[in-house]
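Contents: one structure, followed by commentary.
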Amino acid sequence: MLINKIVNTVEVFIKKDGDNMNVFILVAIIFVPLGMWLLQVRWNQAGSLFTAFSILSLTIFGYITAEAIYTILKANEVFMTTIHGIFLKPLFLITGSYLGLYLLYRTWSLLWRDLRG
């Protein structure tokens, strides 16, 4: 219900103008980690869940990267354009995005801890 409305709003926002995607990415980079941090403050187990997802994401991200490099070296196709094909893999993009957001969330957590003393 609410999630469908949010997804529909985001889809309309993105389709309306390609430049809006930059705004969407910036807003997501700021508010998703803050939302993760707030959820962790209210529910302690959320932090463990976020960390478990980061371990899973890092494992998948590392495997995709290593497999792509191995395939390129095995085929003797050491061209810069060949390795960039990895950016077309949705799972690589999803796991990499989560890891970036998780890093920002952890940074917010450390900042909050340092400010509290």
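The values are calculated or read from the model by the stated rules, or taken from the named source; none is laboratory data. Because the structure is predicted, anything quoted here is derived from the model rather than measured. Accessible surface areas use protein heavy atoms only, side chains included; no ligands, DNA or RNA. Shrake-Rupley method; radii C 1.70, N 1.55, O 1.52, S 1.80 Å.
A few remarks follow.
- The set of residues in the range 39-80 that are more than 21 Å from residue 100 (Cα to Cα) and of a type in the set (Ser, Thr, Tyr) comprises 70, 71.
- When the test is whether a residue is open to solvent by 60 Å² or more (accessible area, probe 1.4 Å), at pLDDT below 65 and in a helix (DSSP H, G or I), residue 6 passes it.
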